[in-house]
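Reading through the structure tokens given below for one structure.
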Amino acid sequence: MNTPIVDFVKKYAHSNTVRLHMPGHKGQNVLGCEMYDITEIKGADSLFEADGIIAESENNASRLFGTKKTLYSTEGSTLCIKTMLALVRKNGVSNRILASRNSHKALIYGCAQLDIDIDWLFDENDTFSLCRCEISPEILEKRLSAYEELPCAVYVTSPDYLGNMLDIKALADVAHKFGVPLLVDNAHGAYLHFLGEKLHPMDLGADMCCDSAHKTLPVLTGGAYLHINNVKYCEKAKSMMAVFASTSPSYLILQSLDYANKLLSEDYPELLNLCVAKLNQLKSSVTSAIKTDPLKLTVKGSYAEKMRKYGIECEYQDPDFTVMMFTPCNPESDFDAVKRFFAQNTVKHLPNELKMPVPQKKMSVRQAIFADYECIDVYNAVGRICASPAVGCPPAVPVVVSGEVISSQAVEIFRYYGIKKCAVLIENSQFIHN
Ligand SMILES: Cc1ncc(COP(=O)(O)O)c(C=O)c1O
């Protein structure tokens with residue numbers, strides 16, 4: 001597959017052209033990447049009005065993923081999530097979305113910006129984890145049946161930060177039975193289309209999804225895809241993305257996305273499948289490993305500190321789980337290091353006894369996010385209304401959502417996840433937006 005953006009920039013970088021345009025570094029290398037960092041000069045196309053090399057490269061990505069349309073984002077899945085919301089939002093009516101409670105805060109910010117109210121789907125598991133939200137098609141059907149006026153979309157996260165995956169095909173079938181689009185936060189699953197068995201949400205019936213290419217593919221941080229399979233959303237997608245995006249997208253990230261097309265059309269899928277096989281072997285030797293998406297190794301217990309002593313840095317840990325992410329770019333020695341570590345180390349893990357509090361909503365997310373707030377110690381927050389979503393980052397999944405009352409149960413969860421401060425509305429504050 002060709003790489004029109006990479007080729008154009010490389011030619012320009014070596015052309016000795018006098019750069020009287022942005023960026024201000026003028027291609028002088030300090031970090032080493034500046035000569036390839038350009039702006040929308042003649043021939044470079046423009047991300048939100050693409051009809052040249054960027055359009056060609058995005059079409060390559062769309063063919064690779066087998067979608068109706070694939071757009072690039074240089075601002076992560078965060079930008080794609082807001083774009084999906086803008087596309088499903090109906091004009092002139094009040095909008096609601098039915099979303100899984102483990103949603104990343106990008107959903108909440110997007111809903112606040114677009115004045116969309118959120119109804120939550122809760123985890124159907126007995127044991128509590130902030131990151132997880134298992135949803136069965138039966139529960140989704142029950143929830144959708146209860147609406148007099150259907151939500152503008154169903155929104156779920158799969159894989160989640162721990163690597164749990166939902167039955168996207170079954171959920172899509174239910175949503176479509178009601179004529180509601182299914183949006184999937186697939187930030188952690190760009191690679192799922194390239195496995196022997198295709199597990200990507202776009203292969204399983206989702207209308208749209210976001211992929212953080214940078215999380216699981218060899219792409220620079222910030223590189224992401226918005227995939228669309230419902231033709232209804234294709235036409236407006238670019239202009240809706242532009243509403244939320246910078247007018248200076250990074251050409252370094254665009255080149256990285258462009259080059260990923262070449263890798264993915266050549267031997268990368270084979271390397272990916274080899275990596276999954278190696279990781280499966282490793283997983284079978286780690287007794288505390290839980291079932292996850294194919295590129296994650298998640299174990300029960302908190303191992304990050306111990307791992308650092310072995311020169312291993314994991315992706316995430318909380319009091320219950322430690323998450324490690326692998327790709328074909330990890331050399332064999334990384335797998336060996338992790339195997340050795342788990343042969344020599346175990347930590348005790350007791351399941352928590354937390355329960356997700358039933359949220360008590362006082363006002364919309366939009367009203368709460370734009371109101372005046374103060375930051376206080378979580379212990380003093382019981383009974384106050386949450387302003388900005390109270391999250392630890394990662395995983396950026398809120399314990400309490402803006403507009404909800406903070407309960408004593410929620411404070412216990414804050415404490416469990418090490419969150420010490422939260423933003424609460426100043427009592428009697430004037431809303432900036434209603
Ligand atoms: C589940 C999930 N969704 C969305 C995002 C946002 O992705 P990005 O950082 O690409 O904007 C993240 C980031 O960690 C995430 O974990």
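Each principal axis of the range 316-434 carries a Cα extent, and these read 58, 32, 22 Å when sorted largest first. Across the range 183-251, Cα pairs under 8 Å and at least six residues apart give a relative contact order of 26 percent. Taking every alpha-carbon pair under 8 Å whose residues sit at least 6 apart, the chain reaches a relative contact order of 15 percent. Put a plus charge on the Cβ of each Lys and Arg, a minus charge on the Cβ of each Asp and Glu, and nothing anywhere else: the dipole of the range 4-265 about its Cα centre is then about 640 debye. Highest-first packing order for the peptide set 69-75, 187-193 is 187-193, 69-75, based on the mean count of other beta carbon atoms within 10 Å.
Among 216-225, 150-159, sorting by the average number of other beta carbon atoms lying within 10 angstrom of each residue, highest first, gives 150-159, 216-225. Descending by average beta-carbon neighbour count within 10 Å, the peptides 174-182, 141-149 line up as 174-182, 141-149, the highest first. Efficiency by 1/(1 + (r/R0)^6): what FRET value for C329 and D119, r their Cβ-Cβ distance, R0 = 41 Å, to the nearest 0.05? With R0 = 41 Å, the Cβ-Cβ based efficiency is 0.55. Inverting the pair-averaged 1/r between distinct Cα atoms of the chain gives 23.0 Å as its Kirkwood hydrodynamic radius. Among R366, R308, the ranking by other beta carbons within 10 Å of each residue's beta carbon, starting with the fewest, stands as R308, R366. Straight Cα distances below 20 angstrom link K69 to the aspartates and glutamates D45, E49, D51, E56, E58, D185, D203, D207, D211, E235, D258, with same-chain residues fewer than 8 positions distant left out. Dipole orientation for the chain: of the candidates S73, Q317, N230, Q317 has the Cα lying most toward the positive pole (charges on Cβ; Lys, Arg +1; Asp, Glu -1).
Only the coordinates and a few stated rules stand behind these numbers; no lab work does. Here the structure is a predicted model, which means the values were calculated and not measured. Quick reminder, even Gly has a Cβ in these numbers, built from the backbone with ideal geometry, and neighbours come from all protein chains shown.
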